[in-house]
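Colleague: Dropping a structure here in structure tokens format, bear with me for questions.
The values are calculated or read from the model by the stated rules, or taken from the named source; none is laboratory data. These numbers were taken from a predicted model, which means no experiment stands behind them. When we count neighbours, we look across all protein chains shown, and the Cβ atoms used for this are built from the backbone with ideal geometry, even at glycine.
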Amino acid sequence: MPDGPPLARVTWDRAGLHRNDDAWLADAWSRARVLLISPGSETPVDGDGRVQLRPSDEAPDGPRRLLGIVDDVPTFAVTAAPDGDNWRTLRDVGGTVGDLSGGLLATAIGLEQWHAKHPHCPRCGALTHETQAGWTRTCPVDGSHHFPRTDPAVIMLVHDGGDLALLGRGPKWNPGRFSTLAGFVEPGETLEGAVAREVFEEVGVVVQDVRYVASQPWPFPASLMLGFTARLVGDPALTLDPVEMAEAGWFTREEIRRAADWADDDPAVRAGDRRAAADARPDGTRLVAVPPPFSISRYLIDRWLAGES
Ligand SMILES: [Zn+2]
């Protein structure tokens with residue numbers, strides 16, 4: 001197994017101590033590379049689906065946010081309107097973008113989404129402005145500072161201790177496309193408590209032996225996905241929450257491995273295309289596709305398929 005899920009394998013110097021230093025920032029900009037990000041979270045990519053950074057003197061005017069220092073080069077994100085037909089979102093290029101670019105892109109999208117959705121001071125309602133190289137917003141009326149939010153969410157591979165894992169399908173997903181269960185952590189709750197609560201709410205079974213595996217930023221708009229495994233105790237019979245779950249079931253490793261192969265071979269199947277899915281399951285099996293390889297859901301699934309739990 002690779003060392004951690006995609007978007008979470010590479011760290012860089014986020015240069016937090018320089019964010020308030022205007023002289024340093026001006027010099028850094030003069031020799032920076034720039035990742036352009038649109039209000040719709042798109043960025044320009046090359047023909048192989050890799051992010052194209054630009055020199056700062058070729059970047060359009062727009063809010064500048066310091067992503068950090070990568071291989072001694074200051075790297076910024078700048079908000080810009082798409083200027084070509086090669087702009088894609090992280091959802092489109094998550095499988096090709098690469099570990100470092102994926103991390104930079106997740107950071108740039110997270111900041112862009114937060115700034116766009118939080119223009120006002122939560123204390124007094126005044127319009128705030130960006131400060132600290134894009135890492136805070138400051139209120140001109142009361143001087144308060146506001147920080148980008150990150151929402152913890154748990155995502156869990158539930159297994160029976162043997163050859164069965166629990167996968168579910170949300171009501172917006174096409175038939176055949178299943179994933180691990182997930183949900184947001186509530187105030188006052190532990191991560192382990194959130195795993196057990198979400199599993200019980202969504203499918204009505206009890207788990208224990210909740211083990212942390214890995215995390216992955218997922219900036220749509222602000223989630224930090226915290227990946228776990230958990231083991232069934234007691235009755236495996238499922239009682240679904242009809243709002244959250246259209247379908248759920250226990251599947252064998254063989255069934256899940258086959259669905260993963262189908263989905264990886266055929267993007268239409270992976271996306272939940274009904275006709276492609278029907279073609280892919282000549283024996284009528286319910287499970288046709290699992291999430292794509294860059295998702296933490298798939299990372300948890302692949303680990304379990306490899307015998308780790
Ligand atoms: Zn204010």
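Colleague: Among the candidates L111, L181, L167, L157, single out the residue that is away from the ligand (no atom under 16 Å from the Cβ), touching a residue at least 12 places away in the same chain (Cβ under 8 Å) and touching an Asp or Glu at 6+ places or on another chain (Cβ under 8 Å).
Modeller: Working: L111 fails: touching an Asp or Glu at 6+ places or on another chain (Cβ under 8 Å); L167 fails: touching an Asp or Glu at 6+ places or on another chain (Cβ under 8 Å); L157 fails: touching an Asp or Glu at 6+ places or on another chain (Cβ under 8 Å).
After ruling out the rest, the residue left standing is L181.
Colleague: Moving on. State which residue pairs qualify: first residue farther than 18 Å from F76 by Cα and inside the stretch 121-136, second residue more than 11 Å from the ligand (Cβ to nearest atom) in any location, beta carbons under 8 Å apart, and separation of 6 or more residues or different chains.
Modeller: Sorted first by the residue in the stretch 121-136, then by its partner, the pairs are L127/P119; T128/H118; T128/P119.
Colleague: Keeping to the stretch 24-58, report how many residues are under 11 Å from T75 (Cβ atoms), among the aliphatic types (A, V, I, L, M) and over 26 Å from the mean Cα position of the chain (by Cα).
Modeller: 2
Colleague: Pick out the one residue from T239, T252 that is in contact with an Asp or Glu (Cβ under 6 Å, 6 or more places away or on another chain), surrounded by fewer than 16 Cβ atoms within 10 Å (Cβ to Cβ) and polar (S, T, N, Q).
Modeller: Numbers: T239 fails: in contact with an Asp or Glu (Cβ under 6 Å, 6 or more places away or on another chain).
Criteria check complete, one pass: T252.
Colleague: Further question on the same structure: Residue by residue through the stretch 176-200, note down the ones that are surrounded by fewer than 16 Cβ atoms within 10 Å (Cβ to Cβ) and either over 22 Å from the mean Cα position of the chain (by Cα) or over 18 Å from L226 (Cα atoms) (or both).
Modeller: Correct list: G188, F200.
Colleague: Show the residue pairs meeting these rules: Cβ distance below 6 Å; 6+ apart or different chains; first residue within the stretch 240-252 and over 19 Å from V206 (Cβ atoms) and not assigned by TED's automatic domain parsing to the domain that holds V288; second residue in a strand (DSSP E or B) and modelled with pLDDT under 95.
Modeller: none
Colleague: Please go through (1) within 16 Å of the ligand (Cβ to nearest atom); (2) surrounded by fewer than 17 Cβ atoms within 10 Å (Cβ to Cβ); (3) over 22 Å from the mean Cα position of the chain (by Cα) for C139 and return the number of the only condition it doesn't satisfy.
Modeller: Every listed condition holds for C139 apart from (2).
Colleague: Could you list, in sequence order, the residues of the stretch 70-89 that are touching a Ser or Thr at 6+ places or on another chain (Cβ under 7 Å) and either of a type in the set (A, V, I, L, M) or surrounded by fewer than 19 Cβ atoms within 10 Å (Cβ to Cβ) (or both)?
Modeller: Residues satisfying the conditions are A80, A81, P82, T89.
Colleague: Give just the number: which of (1) within 16 Å of the ligand (Cβ to nearest atom); (2) surrounded by 14 or more Cβ atoms within 10 Å (Cβ to Cβ) does H145 not satisfy?
Modeller: (2)
Colleague: So which helices (runs of 4 or more DSSP H) are wholly in the stretch 203-288 and hold at least 2 residues that are at pLDDT 80 or above? Don't jump to the end; show me each part of the working.
Modeller: Numbers: elements: 253-265, 267-271, 274-280.
Here the list reads 253-265.
Colleague: Still on this structure, I have one more. Report yes if some residue within the stretch 118-139 is in the same structural domain as A26 (by TED's automatic domain parsing), closer than 17 Å to V34 by Cβ and assigned to a helix (DSSP H, G or I); otherwise report no.
Modeller: The answer is no; no qualifying residue exists.
Colleague: Which residues, counting only those in the stretch 186-202, are assigned to a helix (DSSP H, G or I) and not β-branched (V, I, T)? First the steps, then the outcome.
Modeller: Kept after step one, since they are assigned to a helix (DSSP H, G or I), are these residues of the stretch 186-202: 191-202.
Those that are assigned to a helix (DSSP H, G or I) and not β-branched (V, I, T): L191, E192, G193, A194, A196, R197, E198, F200, E201, E202.
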